[in-house]
Amino acid sequence: MGKELSVPSIFQLGYYWNAKIFLTSVRLDLYTAISEGSKTAEEIASSVKADPSFLERMLDALVEIGLLKREGPNYLNTPPVAEFLVKTSPFYTGELMLLQDEEWGHWGKLEEIIRSGRPAVKGNIFMNRPEVGENVLKVLHRMAKRVAPTLAERIDLSSRKSFIDVGGGAGTFSVAFCKRYPHLQAVLFDLPQTLQVTRKTIETEKMTDQIRLVGGNFNQDALPGKFDVVFLSDILHYQTYDENAALFRKLYHAINPGGMIIVKDMFINDDINNPGWNAIFSMHMLVYSEKGQCYKGEEIRSWLEKAGFNHLVEIERNTVFTASK
Ligand SMILES: C[S@@+](CC[C@H](N)C(=O)[O-])C[C@H]1O[C@@H](n2cnc3c(N)ncnc32)[C@H](O)[C@@H]1O
């Protein structure tokens, strides 16, 4: 079962105002404006170039939502806002919110999308809008930096020599695995436009000796050789069912006998009565990509098995599978 809702909370769902107030506050970059200390509405309005009276109304709404605090005439950031929504913070994730705001117009077409069965956009941001893709990758990188070293610790690659990160993005996971297993030689395979972002991470992390970058399209091009380990993270939910099935077949052939695959994604619960939050994320994929959707764990298991993999292990529920060749 999904969540049980009270009648007031059902109606609350229709009041999307909080979401738009919040997204606009990120677009205005209000939180950076008060990162050095509390300020009055007038001072904030002057630094973000807004109308002081309307902005004050918005600041009070943000206080009510719980993002800001008000002390007399002054407004200040709450601790999570200071950590995640101030541009100078190492954990800034505002780009992800800006992406949600950009999608606003597409969400307005949801009825049309659902009725017609036709997506509102072509391709995906990595293919068609690399400047937006770069922003998303920056955020994914900051978020993944928190979990990648733990995953590298949990999956023992001490006997493996070669590793390919397929659609490796900013390179966060390649870096974490290569740091944990310094004898690994890795290839990160991604679209040429994305590799411009990857190169920055690999250079900053001083990993150019261990991680080689190769440009290409994994649906169309051959992978550059055979590897002991294939790593695939957050790729499946951008693709169609058939593309994923074909990708697993290709990956199987790119693995040395006895090698392994690590698949990380956002799976929908196998229990159809209780789909989980990724069922909602799948709506986001419907609105902002041409082909994307979240898949059930059992669909991913079936692609792996049909491609020839065995010894499937769910390392993290609805998130990470490993399998062997
Ligand atoms: C959501 S990001 C995931 C990045 C990384 N694996 C991670 O987990 O942080 C998807 C990545 O797949 C890449 N990508 C998408 N379609 C691709 C394709 N057909 N061929 C190669 N790379 C692709 C994108 O450029 C992007 O880096």
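The values are calculated or read from the model by the stated rules, or taken from the named source; none is laboratory data. Source: prediction; values computed, not measured. When we count neighbours, we look across all protein chains shown, and the Cβ atoms used for this are built from the backbone with ideal geometry, even at glycine. With ligands, DNA and RNA removed, areas are computed over all heavy atoms of the protein, side chains included. Shrake-Rupley method; radii C 1.70, N 1.55, O 1.52, S 1.80 Å.
Quick notes
- Summed residue charge, Cβ within 10 Å of V229's Cβ, Lys/Arg positive, Asp/Glu negative: 0
- Heavy-atom accessible surface of the range 91-145: percent carbon and sulfur, 1.4 Å: 56 percent
- Relative intensity, log₁₀ I(q)/I(0), of the range 123-324 from a Debye sum that treats every alpha carbon as a point, q = 0.09, 0.12, 0.18, 0.19 Å⁻¹: -0.31, -0.56, -1.40, -1.58
- Extension gain, S6 back to D271 (0.36 nm per residue minus Cα-Cα distance, nm): 93.0 nm
- In the chain, helices alone account for a calculated mean residue ellipticity at 222 nm of -14000 deg cm²/dmol, with every DSSP H run of four or more residues adding -39,500 (n - 2.57).
- Protein heavy-atom accessible surface, 1.4 Å probe, per residue over the range 123-324: 44 Å².
- Local net charge near G123, Cβ-Cβ under 10 Å (Lys/Arg +1, Asp/Glu -1): +2
- Percent carbon-and-sulfur accessible area, the range 167-325, ignoring ligands, DNA and RNA, probe 1.4 Å: 51 percent
- Under a 5 Å amide H cut-off, with hydrogens placed 1.01 Å from N, G259 pairs with K325 among residues at least 5 apart or on other chains.
- Cut-off under 5 Å, modelled amide H: who pairs with F227 long-range: I255, N256
- Surface composition of the range 7-86: carbon and sulfur make up 60 percent of the accessible area, probe 1.4 Å.
- Taking Lys and Arg as +1 and Asp and Glu as -1, the other residues whose beta-carbon sits under 15 Å from that of S158 total +2.
- Segment I280-K122, length gained on full extension (0.36 nm per residue, minus Cα span): 54.8 nm
- Whole-Hz ³J(HN,Hα) from phi, Karplus 6.51 cos²θ - 1.76 cosθ + 1.60, for the range 73-90, glycine and proline x: x, 9, 10, 9, 6, 7, x, x, 5, 4, 6, 10, 10, 9, 4, 7, 6, x
- For the range 7-86: accessible area per residue (Å², 1.4 Å): 60 Å²
- Stretching A82 away from R317 to a fully extended chain increases their span by 81.5 nm, per 0.36 nm per residue minus the current alpha-carbon distance.
- Looking at the range 276-325, none of the chymotrypsin sites (Phe, Trp or Tyr not before Pro) sits in a DSSP loop with at most 10 other Cβ atoms within 10 Å of its own Cβ.
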